[in-house]
1. Could you please find all residues in the stretch 283-297 being within 18 Å of the chain's Cα centre (by Cα) and open to solvent by 20 Å² or more (accessible area, probe 1.4 Å)?
2. Please list, ordered by first then second residue, the pairs with beta carbon atoms under 9 Å, 6 or more apart or interchain, first in the stretch 103-124 and touching a residue at least 24 places away in the same chain (Cβ under 8 Å), second among the aliphatic types (A, V, I, L, M) and open to solvent by 50 Å² or more (accessible area, probe 1.4 Å).
3. Sort out which residues of the stretch 201-243 are open to solvent by 30 Å² or more (accessible area, probe 1.4 Å), of a type in the set (A, V, I, L, M, F, W, C) and free of Cβ contacts under 8 Å to residues at least 40 places away in the same chain, and write them in order of number.
4. Out of all the residues in the stretch 68-101, which are open to solvent by 20 Å² or more (accessible area, probe 1.4 Å), without any contact (Cβ under 8 Å) to a residue 40 or more places away in the chain and assigned to a strand (DSSP E or B)?
5. For the stretch 246-259, state whether one or more residues are of a type in the set (Gly, Ala, Ser) and not in a loop (DSSP other than H, G, I, E, B).
6. Of all residues in the stretch 31-55 being open to solvent by less than 40 Å² (accessible area, probe 1.4 Å) and not small (Gly, Ala, Ser), which is modelled with the lowest pLDDT?
7. Wholly within the stretch 106-165, which strands (runs of 3 or more DSSP E) include no fewer than the required count, namely at least 1 residues that are touching a strand residue (DSSP E or B) at 6+ places or on another chain (Cβ under 6 Å), open to solvent by 40 Å² or more (accessible area, probe 1.4 Å) and among the polar types (S, T, N, Q)?
8. Just to verify a result, which residue in the stretch 303-316, among those that are over 19 Å from the mean Cα position of the chain (by Cα) and in contact (Cβ under 8 Å) with a residue 60 or more places away in the chain, is farthest from Cys245 (Cα to Cα)?
Amino acid sequence: MVLAVCVAAAGLLTVPVATAAFSVITSSTATWSAVENFGVGRLFAWGDNSSGQLGVGDRTERRSPTQVGSATSWTRIAVGRGHTCGRQTTGTLWCSGSNAYGQLGLGNTTDTTTYTQVGTATSWARVVGGDNHTCATWGNGALRCWGRNNAGQLGLGDTVNRSAPVQVGTDNGWVTPAAGAEHTCAVRRQRTLWCWGSNASGQLGLGDTATRTAPVQVGTASTWVAPAAGAGHTCAVRKDRTLWCWGNNASGQLGLGDTATRTTPVQVGTANTWVSVTAGSAHTCAIRSSGALWCWGSNASGQLGLGDTATRTAPVQVGTANTWVSVTAGSAHTCAVGAVQAVWCWGNNASGQLGLGDTATRTAPVQVPGTTGRPIATGPTASSVLLVV
């Protein structure tokens, strides 16, 4: 049963604590790791479906959560601008939607409106979706990418599109990839961070604005845990639970109190309690170890959830609740899972991406009726949402 939670004009009221979607492991050296607790179950989708990305067999938008097929083994999901992908517990990978650049990985450029298996492999682990490209790890740590490659976002050393998965280099140590609009970043097992692709705003964190077509290490630190890639900016959490951002900052999406672009990682404030971060087109949200949710950046559609449409250049807490367990940022909307796995969305709703049955914008979190689950996913240029229930 979904717990009813009241929403005040300025945000959420406190609700009972739910099981976290991460666990924090502390040692005598104050290091930690975020361990994702993915759910397994049915797949639900809503929002923009103009390319068939919801996988429901048509191109009609859905304004409320709609079940996709009958499978009950979905576990990891990714949303691009016009395509989506999901992994099932069998280790198979499935994609649907726009395929003009081969971003579905099917060996062709034909769109689909239902989920189609990517090859025959049963070793897929984690998948992420960019604007028009997709990357995914295998169980052995290999990273494969496919789709549009105009800026080298596939990391293959060139700018040639690929319509089927191609391994990035020979390293088998990739653990946490993140895909932005036209750039990609990923952490290796040694906790080093590597980025490649478009770099017009310094989103690769390499101290310049030169495009890279193959992975390049960001600095020398070996303390990175979880990156998030937006349209033109990147953020990442380190083992000491500090948060760092870089790249485009025109809307204050780096959270540094100004709108100046950064080409290398800069720490966001002084807090060392951050556990996860998500990057939208021009806004960012992150969760602290207390379960509090903070957002900043562009807010023209209320995507920060603060009850207004004023841009913020530094992190601001969303309401007073300390029960958030995961958050995902879209093009101009945000969705998050809170207490008892209740789902909340806010921001732009032109395509029904808030799942509330209409197209009215919301500037503060509103609970999606009768819906619980996790994980939940959207993307930095997306107006679609996936949820595992």
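The values are calculated or read from the model by the stated rules, or taken from the named source; none is laboratory data. If you're wondering where the values come from, they're calculated on a predicted model, not measured in any experiment. Heads up, the Cβs are rebuilt from the backbone with ideal geometry, glycines too, and the neighbour counts pull from every protein chain shown. With ligands, DNA and RNA removed, areas are computed over all heavy atoms of the protein, side chains included. Shrake-Rupley method; radii C 1.70, N 1.55, O 1.52, S 1.80 Å.
1. Answer for the stretch 283-297, where residues must be within 18 Å of the chain's Cα centre (by Cα) and open to solvent by 20 Å² or more (accessible area, probe 1.4 Å): Arg288, Trp294.
2. Thr109/Ala100; Asp111/Ala100
3. Listed by number, the residues that qualify are Ala210, Val216.
4. Scanning the stretch 68-101 gives Gln88, Trp94.
5. yes
6. Per the stated criteria, the residue is Trp32.
7. In the stretch 106-165, 112-117 are the strands (runs of 3 or more DSSP E) which contain 1 or more residues that are touching a strand residue (DSSP E or B) at 6+ places or on another chain (Cβ under 6 Å), open to solvent by 40 Å² or more (accessible area, probe 1.4 Å) and among the polar types (S, T, N, Q).
8. Gly307
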